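The next block holds one structure in the form of structure tokens; read it before the comments.
The numbers here are math on the coordinates, done by the rules we state, and not lab data. From a predicted model like this one, the values you see are computed outputs, not experimental measurements. Cβ atoms come from the backbone with ideal geometry, glycine included; neighbour counts cover every protein chain shown.
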Amino acid sequence: MKYKINNICCIGAGYVGGPTMAVIADKCPNLTVDVVDINEERIKQWNNKDLDRLPIFEPGLSEIVERCRGRNLHFSNFIEEKIRNADIIFISVNTPTKTKGVGAGKASDLKWVEACARQVAKYAIGHTIVVEKSTLPVRTAEVIRSILDSSLKHNRKENKSSTFDVLSNPEFLSEGSAIKDLNDPDRVLIGGENTDSIEALSDIYKNWVSKNKILKTNVWSSELAKLTSNAFLAQRISSINSISALCEKTGADIREVSRAIGSDSRIGSKFLESGPGFGGSCFKKDILNLVYLSEYFGLPEVANFWEGVVKLNNWHQHRISKLIVKRLFGTVSNKKICILGFSFKADTNDTRESSSIAICKDLLEEGAFLKINDPKVDPDQITKDLDINYQNDIYTSEQKSTANEGWSFHRNIYECAEDVDAVVVLTEWEEYKNINWELISKSMRKPAWVFDARSILNSKKVSSTGLNFWRLGKGSK
Ligand code: UDX
Ligand code: UDX
């Protein structure tokens, strides 16, 4: 039996749920899309009249929200009601790494997913297709399935008729280019058993994605493919970052090495940019999931192989902070350092797992005073990331009260670099490529350094102003 889809509900109005549903609503004006969330503040922000104040920043997103919101795209906290109305429900809630209990530090905490499955089991009516959108450990569909199945028995007793199918439909969007990735995906992956439900979901995507890009697999292959995709991408970054360290020792240039190996069509040029280490909500978490899964199934060699990717990333982040300290005569105590970029990559306000957090914490630990700039990140988020309880007694009380326990935030780049000993570029924001170094150089304390961990600056322009310059994978000139 072919299922007719009229109403879509998405639980979780985050970085994945928000943009994904906005694009579905945009491409399928005949469908009603409801995005629900337990967080009232977040929903208020999604409904904000001022489109510059949506809870997440993604190029192109506000235009779509403007077109669709109130038409066939709605944001609310009416979870029960929207579940009841839905023909298809996307679960897009967060799945953080467990901090305690079995699998702590590696396995994903599924408590939110489980809570959603229970809500769906309780309120859904008729046939409902439940879609895993969050990145989840392999075999999570089984957990959702068993929660829904147990509710069926209960429903039968109460004479309520509801049936469910669970599909896996992982998201491959990359933050900063989410709208582009959603509008023109490389592939859409749908894992499931029931062909009618798979077809119903596939029909939604067929409104704008060509049929041959829609891949259908069993549910476990789909779940594992998502983790593996992210693990492969992250592996490339750790590989190139490991070689950047070798370049600095040998005089090779990582940009040249990258270009040379990327021209081999078997390797390809993408994801070969050396940087301060990968961040974002997915890479580390997904690899750790893979590690946990491999250990669980008695495959320690496989687990160690993938864990190496995360270990290298951690090492690389600390390597950068250590070499900054070393170049600044072995101490940054009481020195001011300007940090350019706090988001984990350009074109997003997301800071989750950003390398800037690890590097800033190291520098604070060493006693530096940080002046931080980012075009989109909210300074309150930085306060959370750097831990407001951070204590360091080397600052005068005046410095502390005016500057958040060792750091201050500046939206203006030039003000941010005033009076500092070093500028460190950690995110590849476009505006950092066009900085007037002549001007900055005049206001820095000499001898002054510029550390480019994203390889985006013109070394000649920086060096010609008398500043010392270091670039990742090349070293100082
Ligand atoms: C996504 C994926 O779903 C996750 O698996 C992946 O690892 C990271 O990316 P994301 O959209 O980025 O998550 O997460 P987030 O921005 O934190 O949004 C999740 C939303 O779900 C939050 O707004 C939260 O309030 C909401 N939520 C959580 C619910 O509505 N109900 C719950 O029970 C739990
Ligand atoms: C990633 C995957 O790309 C996406 O398919 C998945 O759905 C979610 O996880 P995201 O984390 O949003 O997306 O961004 P991505 O562009 O993959 O970047 C991740 C991190 O790797 C960033 O910190 C980025 O700066 C870094 N990176 C990326 C590099 O250091 N070098 C590169 O060449 C590419």
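Can you tell me the 0 to 90 degree angle between the C-alpha axis of helix 219-250 and the longest principal axis of the chain, rounded to 10?
Here the helix axis deviates by roughly 10 degrees.
To the nearest 20 Debye, how big is the dipole of the chain about its Cα centre, given +1 on the beta carbon of each Lys and Arg and -1 on that of each Asp and Glu?
Values: 65 positive and 62 negative charges, 136 e Å.
Charge dipole of the chain: 660 debye, to the nearest 20.
Can you tell me, using C-alpha contacts under 8 Å and at least 6 residues apart, the relative contact order of the chain as a whole percent? Before the final figure, lay out the partial values.
Numbers: 908 pairs, mean separation 55.7, N = 477.
With pairs under 8 Å counted, the relative contact order is 12 percent.
Sorted by average packing, counted as other Cβ atoms within 10 angstrom per residue and highest first, what order do 222-231, 336-345 take?
336-345, 222-231
List, in order, the whole-Hz ³J(HN,Hα) value for each residue of the stretch 407-418 obtained from phi through the Karplus relation with A = 6.51, B = -1.76, C = 1.60 and θ = phi - 60°; use x for Gly and Pro.
Whole-Hz 3J(HN,Hα) from phi for the stretch 407-418: 8, 9, 10, 9, 6, 8, 4, 5, 5, 5, 8, 5.
For the stretch 91-100, just list the computed ³J(HN,Hα) in residue order, Karplus coefficients 6.51, -1.76 and 1.60, θ = phi - 60°, integers in Hz, with x standing in for Gly and Pro.
Values, residue by residue: 9, 10, 8, 6, 9, x, 5, 4, 9, 8 Hz.
Check residue 88: other-chain or 5+ apart residues with amide H under 5 Å from its amide H, H built from backbone geometry?
So residue 88 has HN proximity to 7, 9, 129.
Restricting to Cα atoms and excluding each atom paired with itself, what does the Kirkwood estimate give for the stretch 252-299 in Å?
By the Kirkwood definition, the hydrodynamic radius is 13.2 Å.
Classify the stretch 239-278 as rounded, prolate or oblate, taking a ≥ b ≥ c as the square roots of the eigenvalues of its Cα gyration tensor: rounded when a/c is under 1.5, otherwise prolate if a/b is larger than b/c and oblate if not.
Values: a/c = 2.59, a/b = 1.41, b/c = 1.84.
Because a/c hits 1.5 or more and a/b fails to exceed b/c, the stretch 239-278 counts as oblate.
Determine the shape class of the stretch 323-393: with a ≥ b ≥ c the square roots of the Cα gyration tensor eigenvalues, call it rounded for a/c under 1.5, and otherwise prolate if a/b is greater than b/c, oblate otherwise.
On the way: a/c = 2.23, a/b = 1.56, b/c = 1.43.
Prolate, since a/c reaches 1.5 and a/b exceeds b/c.
Using a simple charge model, +1 on the beta-carbon of Lys and Arg, -1 on the beta-carbon of Asp and Glu, nothing else, what dipole does the stretch 82-157 show about its Cα centre, in debye to the nearest 20?
The dipole magnitude comes to about 260 debye.
Can you give me the long-range amide H partners of residue 339? Hydrogens built in the peptide plane at 1.01 Å from N, cutoff under 5 Å, separation of 5 or more residues or another chain.
Amide H neighbours of residue 339, under 5 Å, 5+ apart: 371, 372, 373, 424.
Using the per-residue mean of other Cβ atoms lying within 10 Å as a proxy for protection, in what order, highest first, do the peptides 85-95, 369-379, 313-323, 198-208 fall?
85-95, 369-379, 313-323, 198-208
Can you give me the angle between helix 300-327 and the longest principal axis of the chain, using Cα atoms only, in degrees from 0 to 90, rounded to the nearest 10?
Helix 300-327 sits at roughly 30 degrees to that axis.
Give the cross-link partners of residue 442 among the aspartates and glutamates, using a straight C-alpha distance below 20 Å as the criterion and excluding same-chain residues fewer than 8 apart.
Leaving aside aspartates and glutamates fewer than 8 places away in the same chain, those within reach of residue 442 are 415, 418, 419, 421, 431, 452.
For each pair in 284/460; 27/49; 2/213; 111/322; 49/82; 2/27, compute the distance between the two Cα atoms and list the pairs where it is over 26 Å.
284/460; 111/322
Compute the Kirkwood hydrodynamic radius of the chain, taking the inverse of the mean of 1/r over all pairs of distinct Cα atoms, and give it in Å to one decimal.
Over the chain, the inverse of the mean reciprocal pair distance is 24.1 Å.
Suppose only helical runs count, i.e. DSSP H with n ≥ 4. What mean residue ellipticity at 222 nm does that imply for the chain under -39500 (n - 2.57) per run, divided by all residues and rounded to the nearest 500 deg cm²/dmol? Walk me through the intermediate numbers first.
Working: 18 runs with 206 residues, N = 477.
After summing the helix terms and dividing by the residues of the chain, the value is -13000 deg cm²/dmol.
Residues with amide H under 5 Å of residue 428's amide H, sequence separation 5 or more or different chain, H placed in the peptide plane at 1.01 Å from N; which?
Close amide H contacts, sequence-distant or interchain: 346.
What shape does the stretch 38-141 have by the C-alpha gyration tensor, where a ≥ b ≥ c are the square roots of the eigenvalues, rounded means a/c under 1.5, and otherwise prolate means a/b greater than b/c and oblate the rest?
The shape class here is oblate.
Wrap a convex hull around the Cα atoms of the stretch 106-201, take a quarter of its surface area, and give that in square nanometres.
On the way: hull surface 29.6 nm².
The Cα convex hull of the stretch 106-201, projected and averaged over all directions, gives 7.4 nm².
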